[in-house]
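Peer 1: Pasting a structure below so you can have a look.
The values are calculated or read from the model by the stated rules, or taken from the named source; none is laboratory data. Remember, it's a predicted structure, so these values are computed and weren't measured experimentally. Quick reminder, even Gly has a Cβ in these numbers, built from the backbone with ideal geometry, and neighbours come from all protein chains shown.
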Ligand code: DI6
Ligand code: FE
């Protein structure tokens, strides 16, 4: 690949593997390098190509023989709510007996039941339960994850959640991106007074969370916040220097994706009811479309997101787990990819790009992770599979045999 390669600072060399790179310069699909090798220097990819072209190595790096396995970029989960107290298995049982997600929410259950449990939990309890879930994600190939607050809905508990999210990133070998979701639901103290709650989010919470979150999110929906409230929160967030994103068009069409895109949202997420003006605004403003097939599946939804129109207008499609106790208790990127194929009609390559490169784009970290290219972090997932399309194909199998973060083995 390069003519003049300095090999004497290489720390690791991975050999004897097929690499899914998603390098668009190789091809517009998987960017597959067969019988390849990858060298790491200072945690970053210093060389990547066919083993036959590997230059003579002057130093003695650690050589890792991957025995013919498949390697993908470390996976990225760009939308999770994995810090929470309690669980909602009972509510799921109620739904199976006929109650809808909205009915349960309107009766004070749903998100608000997790709010009660999260307020009651200690910081340590929240940390322990979330760390266990995050380790599951790590073992399934994830090396970068976004985690939202939003089950506190008061300043004290939102800060508690954000500190837990920070501790997870500091203690586990995963890049953690924290998002503030104070406008997730209307807390009971503010019943019938949503505008007052939004004022508190804007005037008291947003100024207090600097340093603990990089992005601000809002749930714009009939059971949550309306368009003017959304505009207030997102504009205030931008004024405070946060990236913005949105839960948009999940259960009904609100025009929220268009609004968020015009305000500069890095992504709009869910999007089952997205319309053409929304897609055009997202295309024009560079917002990523993050689809969440886990919640579509678990809520038994029927309205599919407009994948063909997103494709046609070149809006990048990312996939997230939406891991949360109510609508998506899903902790597997491969299952998310599989559901995106079977439920939404993504192709296998689109689905795996959705949980790697495009998820990195949704977090605005694609210059560092999400594909295997020179200069990016050597975040790798190793799979006991023979061809790339097997990744989203096998259901319930755990083919991830090793995970490397910046060249170091972490799972
Ligand atoms: N949409 C979702 O899918 C999650 N939050 C949101 O705004 C659901 C959160 C929950 O039900 O606990
Ligand atoms: Fe969500």
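Peer 1: Identify the single condition in (1) surrounded by 14 or more Cβ atoms within 10 Å (Cβ to Cβ); (2) without any contact (Cβ under 8 Å) to a residue 40 or more places away in the chain that residue 97 does not satisfy, given that it satisfies every other one.
Peer 2: Status for residue 97: all satisfied but (1).
Peer 1: Answer with yes or no whether residue 364 is within 12 Å of the chain's Cα centre (by Cα), more than 16 Å from ligand 1 (Cβ to nearest atom), under 21 Å from residue 266 (Cβ atoms) and surrounded by fewer than 20 Cβ atoms within 10 Å (Cβ to Cβ).
Peer 2: Yes; evaluated as a whole, the condition is true for this residue.
Peer 1: Also, quick follow-up: Of all the residues that make up the stretch 150-171, how many are in contact with a helix residue (DSSP H, G or I) (Cβ under 6 Å, 6 or more places away or on another chain) and closer than 22 Å to residue 319 by Cβ?
Peer 2: Number of matching residues: 1.
Peer 1: Name the single residue that is nearest to ligand 1 (Cβ to nearest atom) among those in the stretch 305-326 being out of contact with any strand residue (DSSP E or B) (no Cβ under 8 Å at 6 or more places or on another chain) and within 20 Å of residue 132 (Cβ to Cβ).
Peer 2: If we take residues in the stretch 305-326 being out of contact with any strand residue (DSSP E or B) (no Cβ under 8 Å at 6 or more places or on another chain) and within 20 Å of residue 132 (Cβ to Cβ), then 326 is nearest to ligand 1 (Cβ to nearest atom).
Peer 1: What residue, of 315, 330, is at pLDDT 95 or above, more than 14 Å from the chain's Cα centre (by Cα) and either closer than 19 Å to residue 265 by Cβ or not in a helix (DSSP H, G or I) (or both)?
Peer 2: When all the criteria are applied, what remains is 315.
Peer 1: Within the stretch 267-292, how many residues turn out to be under 22 Å from residue 365 (Cβ atoms) and surrounded by 22 or more Cβ atoms within 10 Å (Cβ to Cβ)?
Peer 2: Matching residues across the stretch 267-292 total 12.
Peer 1: Would you pick out the residues in the stretch 320-333 that are touching a residue at least 60 places away in the same chain (Cβ under 8 Å) and touching a helix residue (DSSP H, G or I) at 6+ places or on another chain (Cβ under 6 Å)?
Peer 2: Listed by number, the residues that qualify are 321, 322, 325, 327, 331.
Peer 1: Does residue 238 satisfy being within 20 Å of residue 207 (Cα to Cα), surrounded by fewer than 18 Cβ atoms within 10 Å (Cβ to Cβ) and touching a strand residue (DSSP E or B) at 6+ places or on another chain (Cβ under 7 Å)?
Peer 2: Considered against the rule, which asks whether it is within 20 Å of residue 207 (Cα to Cα), surrounded by fewer than 18 Cβ atoms within 10 Å (Cβ to Cβ) and touching a strand residue (DSSP E or B) at 6+ places or on another chain (Cβ under 7 Å), residue 238 comes out as yes.
Peer 1: Kindly provide the set of residues from the stretch 30-49 that are farther than 18 Å from residue 75 by Cβ and in contact with a helix residue (DSSP H, G or I) (Cβ under 7 Å, 6 or more places away or on another chain), ordered by number.
Peer 2: Selection gives 35, 36, 37.
Peer 1: Please determine, by comparing only the residues of the stretch 208-231 that are more than 23 Å from the chain's Cα centre (by Cα) and within 24 Å of residue 102 (Cβ to Cβ), which one is surrounded by the most Cβ atoms within 10 Å (Cβ to Cβ).
Peer 2: Going through the qualifying residues, I end up with 229.
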